[in-house]
């Protein structure tokens, strides 16, 4: 075989077209005579709708249709609750257009379809909705307090779900403990803020009865199934395409957003293509958000710092509805013990409704919150016991020989018990300690103090359950004319470079260059078995499915080539786009093999003619296609993981805090991470750096703000602070590759890795820097200058 | 986020523009559009008529004369930022420009536009206030010169009347031997200021401050001269204790309430810090002090 | 379920319009447009140049950056009528006609400076403009970060883009 592609820094295949502006995002797709959608959205966090007057809107020139709940027929229903769970005692989802009541500022109340977006917005402004506002409690603790105004009148205490999970025997362990550390932490709400907002366009072809939907979604196959079901169409008649998508980060895995069903509905009714391109303000008030959790965490330990038991009780803000179930809270619960042995765990959460934008996963999906809680608690335990932060971790990290490490009773998002399969946690910690040169830093810190500067060291370890099921598929076929390998899978990319990494996997099996592997994903017409892109699973699940299909394809190719070259299969090598007879110059190109394995009557091109120069591809007597044989070079296979495979890492930073400006600067940021074998280290690093940037956003800058009435007050890029390049420090990334034992490629996911530990790193660094000034603990992120000012003792 | 309907006019003379403005209730002036367009896209501004100044030749250009830098209404931020004569006349301006949004915004946005927009956290209104600059406003009745102190009334409110077009801003040149400095604190580079301070300092032959100008933005509903801090510093040798006292004296200028970006208490603390640092830097730049 | 549909579906709105004549990527273009049409929408939908992207429509994210009369500008904060009489360049003008990448584009490919590609055209236009304006180029860490500070990217974390600027300078003989 020629040089192996897996593991190399292949440059991305998608880049040249994207760089030339040739990407096709939803709003780029040319649709003749397309109509445009705008929504009327609730200006109240909670209100009853008395009446809706659409007369003036409908009279506006250029308006084609106006819809309210009364116009939706079969779609006037509660949208699906995607992931049911027994703990969800008060599950509520929204309707495509509100009927009778609104539950958050931004909720869709009416839809206008017009000749352009400008007119659609004009008309939306002419729709007169008579609201009767209701009292609200917006802050999570206020909403959870007894007597708080209810978001949903029939959901007591605003509790959407209540779940307790137990592993081991916490009560017994607590009784034996010699020391308890109690910490209360809070992570504030943020949002994915991908550069492309959400978008959906639809066209209904009356002649074929086919509905085509372009949707900037992370879940086209699942959307197709859902749409077919809701619109009562055959799945065969519904085609969903996720074209180029400008970032997803979890926000785009939720379905249905109201527009995702309403736009296809309108297209079918009106008979013209319809599109909805969310604007930035709408993304802030209509597309889901995540992060708010308040944890009260206890570590029960021996005097030597061995943590025997962990108890954690947290409130999770789910917003006004719970369409994605308890995924975020569940992932947080099952990640709460991090990389530590802690054999006894009691973890409880209550998902609380607040009259705000609904909460569904955003990159990290609860792991950042869990990491913040456990890491801050470990730091405090270390402090209270007089141990250093590295030592407390050394004493508690799961040791290499203890893998696989089962946390019976903690069920991960896939419904299976948490089983940390592999890792070298101790080594990762040593690597970061060495990289930081702790002794050197101690001296630097002293010297800085003498100059009146305040340096601190931040540290946090994280684990990340990745690659969960149920499954994904891979389909590969050699094209008979070009000899290129066409590959499909059921999930899609929003920038992760699938077209490159999956090509690398196939290239190795088939002996072709990665650029001769063409990946087509995100089109239900091309391949429609699969789930979606989320939870750092694409490389693991689709990667392995594609690998398995490529292995099958390779075997078929070798068998056919062996027949054509009249050698034994063991003497066939696949490389340079062809099959070679070992120790000779005889070869047959892949195109010819593909042609030859498709018995044709007509030699209508060169490849067909060339194929006839070799022995037949199939050696047998009887019909051209033997029983059980399929024509061509094609294979389909699936990968269904036994359970999640756990990646991990440790981040550290040297921060400087200026107590006069109350400003935090990151002088150095080091990241050790292990995602098993890396398909493409450059792409892995890109994912990690992007994740760290979002983590930094959550640590120092990003907080979705609501006033006491539930009005979003920073629904724009001026006041919601996504970091620029000037705010991003340099990052040093060191790789550790402990192969996953769970899948053939040995890979683990890395999509969310970067963002998980950053909040804890920054908080611990700031705390360390300001300790000499008596600033106390930093147990909430993002950390703002005002918070630092507040924490510093008055002069 | 698309603007609501409006009529559009692109006059070629100032008189036409003034007449259009006077003749249409709800008309607004369009120069660079970098403040107006976002506001229109959010539908916070909904003019009935937009009067675009772009074709009026008389509104182009920057002239340095008579101890002033005169910036016409269509002169872009970036033009002023890169103007060599203006920089020689007053280097403070180029230093401040680096903090005004980002280059692509400065390429299109105008200095006069920023002054008329009068965001309480904007840098150019601070500069005009610090230097005691003026603006020239033109209406059908003629022109009048408005000093900075009388121009900025309130966040996004100036004393320009509805029939006036501001045609020029005039920034005084820096006095010989004077030192200048500017410091701004923002959460991210290019954001509106949480607080910013500009200073101009002249030292007498005895090394004491003979003149101290201090202005801040972001701390109140308009840019403010820090009179109490100025008074505390004039005639002193600007040592650490005196700077400390001046910083504390400046805190009283903070009238902004707690908001999502800063508490009032933090703003006061920040302002004091910026005053100390900025005065020290300006003093170091002034020719009365050895380096 | 009776849809509330008007009998005839108009093709355009009744907005006041104006004639605009400008040069786009070296070609003369004349159209009649709604006076409120943003330049970003004009380029994308009237002219079909969809390489310029729209991320915020309030001038912060930089995705819509183009060149107007040689300087980088936000097309979302410019009305099409304001572009009358100007020369506009978009991302589509940056590579060679045969598709050969410009040094800035090549550098992005070399340095993994893009992931989803949505912010990329605006980034490239901004950097290309700066390269054209600034001589010599300041390639310090601080200067490059400042150069990029008006463009949001949510995917890459910027570090590879900073590297791409240095690499672009090398490729263009400007290092």
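Counting only the backbone N, which residues of region C:36-51 are under 17 Å from the spot 7 Å out from the Cα of residue C:14 toward its beta-carbon?
Residues C:36 qualify, since their backbone N sits under 17 Å from the label point.
Within 10 Å of each Cβ in peptide B:107-114, how many partner chain Cβ atoms are there on average? Round it to a whole number, please.
3
Treat each spin label as a single point 7 Å out from the Cα along the C-beta direction, and report the residue A:100 to residue A:630 distance in nm.
The two pseudo-label positions are separated by 5.1 nm.
I need to check one value: relative contact order of chain A, counting alpha carbon pairs closer than 8 Å and at least 6 residues apart, in percent.
Across chain A, relative contact order equals 16 percent.
Kirkwood Rh over Cα pairs of chain A into Stokes-Einstein at 10 °C, 1.306 mPa s: D in µm²/s?
In µm²/s, the coefficient is 56.
Between residue A:621 and residue A:576, how high is the FRET efficiency from 1/(1 + (r/R0)^6) when r is the Cβ-Cβ distance and R₀ = 30 Å? Nearest 0.05.
Efficiency for this residue pair is about 0.35.
What span do the alpha-carbon atoms of region B:1-53 cover on each of the three principal axes, reported in whole Å from largest to smallest?
Principal axes ranked by extent give 33, 21, 12 Å for the Cα atoms.
Hey, in the GNM for chain C with a 10 angstrom Cα cutoff, which one of C:17, C:78, C:90 fluctuates hardest?
C:17
Using the reciprocal of the averaged 1/r over all distinct C-alpha pairs, how large is the Kirkwood radius of chain B in Å?
Mean inverse Cα-Cα distance, inverted, gives 19.6 Å.
How high is the FRET efficiency between residue A:707 and residue C:142 when r is their beta carbon distance and R₀ equals 41 Å, given to the nearest 0.05?
E between residue A:707 and residue C:142, to the nearest 0.05, is 0.65.
Taking the Cα of residue A:417, stepping 7 Å toward and past its beta carbon, and measuring to each backbone N in region A:635-679: which are under 15 Å?
Under 15 Å, as judged by backbone N against the label point of residue A:417, lie A:643-644 of region A:635-679.
For region C:29-96, what does the alpha-carbon gyration tensor say about shape, rounded, prolate or oblate, given a ≥ b ≥ c as the root eigenvalues, a/c under 1.5 as rounded, and a/b over b/c as prolate?
Rounded is the answer for region C:29-96, as its axis ratio a/c remains below 1.5.
Between region A:714-758 and region B:152-205, what's the alpha-carbon centroid distance in Å?
The two parts, judged by their Cα centres, are 41 Å apart.
Mean residue ellipticity at 222 nm from the helices of chain C, using -39,500 (n - 2.57) per DSSP H segment of n ≥ 4 over the full residue count, to the nearest 500 deg cm²/dmol?
The helix contribution divided over chain C gives -7500 deg cm²/dmol.
Please work out whether region A:469-639 counts as rounded, prolate or oblate from its C-alpha gyration tensor, where a ≥ b ≥ c are the square roots of the eigenvalues and a/c under 1.5 means rounded, while otherwise a/b larger than b/c means prolate and anything else oblate?
Taking the square roots of the gyration eigenvalues as a ≥ b ≥ c, region A:469-639 is prolate.
Please list, in order, the residues from region A:22-63 whose amide nitrogen is less than 18 Å from a point placed 7 Å along the Cα→Cβ vector of residue A:206.
Only A:32-35 fall inside the zone, counting backbone N under 18 Å.
In angstroms, what radius of gyration and Dmax does region A:8-130 have, counting Cα atoms only?
19.6, 62
Spin-label point model (7 Å from Cα, Cβ direction): what's the residue A:156 to residue A:602 distance in nm?
If labels sit at residue A:156 and residue A:602, their model points lie 7.5 nm apart.
With all pairs of different alpha carbon atoms counted, what Kirkwood hydrodynamic radius in Å does region A:1-65 show?
So the Kirkwood estimate lands at 18.2 Å.
From the mean inverse distance of alpha carbon pairs (Kirkwood) and the Cα radius of gyration, derive Rg over Rh for region B:57-172.
Looking at region B:57-172, the ratio lands at 0.93.
From the C-alpha gyration tensor of region A:686-795, pull out the three semi-axes of the equivalent ellipsoid (sqrt of 5λ each), sorted largest to smallest, in whole Å.
31, 20, 13
Determine the calculated [θ] at 222 nm for chain A from helices alone, applying -39500 (n - 2.57) to every DSSP H run no shorter than 4 residues and normalising by the residue count; nearest 500 deg cm²/dmol.
Here the helix-only value at 222 nm equals -8000 deg cm²/dmol.
When the Cα atoms of region B:179-285 are enclosed in a convex hull and the volume is divided per residue, what value in Å³ results?
It is 82 Å³ per residue.
Between region C:85-138 and region A:20-46, what is the C-alpha centre distance in whole Å?
26 Å
On average, how much area does the Cα convex hull of region A:404-490 cover when viewed from any direction, in nm²?
Dividing the Cα hull surface by four gives the mean projection, 11.8 nm².
Could you list A:484, B:276 in order of exposure, starting from the residue whose Cβ has the fewest other Cβ atoms within 10 Å?
A:484, B:276
For residue A:169 and residue A:448, FRET efficiency with R0 = 56 Å and r from the beta-carbon atoms, rounded to 0.05?
With R0 = 56 Å, the Cβ-Cβ based efficiency is 0.75.
In nm, to one decimal, how far is the modelled label at residue B:85 from the one at residue A:640, with both set 7 Å along Cα→Cβ?
8.0 nm
Highest GNM mean-square fluctuation, chain B, Cα pairs closer than 10 Å: which of B:67, B:26, B:142?
Comparing B:67, B:26, B:142 in the GNM, the peak value goes to B:142.
If you average 1/r over all unlike Cα pairs in region A:710-760 and invert the result, what Kirkwood radius do you get in angstrom?
About 15.2 Å, per the Kirkwood formula over Cα pairs.
Separation of region A:368-427 and region A:616-668 by C-alpha centroid, Å?
A separation of 25 Å, based on Cα centres.
Please arrange B:81, C:57, A:132 by counting, for each residue, the other beta carbons lying within 10 Å of its beta carbon, fewest first.
Ordered from fewest to most neighbouring Cβ atoms within 10 Å, B:81, C:57, A:132 come out as A:132, B:81, C:57.
Mean-square fluctuation check for chain B, GNM, Cα pairs under 10 Å: which of B:140, B:229, B:216 is largest?
Fluctuation is largest for B:140.
Which shape class applies to region A:119-214: rounded if a/c is under 1.5, otherwise prolate when a/b exceeds b/c and oblate if not, where a ≥ b ≥ c are the square roots of the Cα gyration tensor eigenvalues?
prolate
Coordinate-derived values only; no laboratory data. Everything numeric here is computed off the predicted structure, so don't read it as measured data. Neighbour counts run over all protein chains shown; Cβ positions are idealised from the backbone, glycine included.
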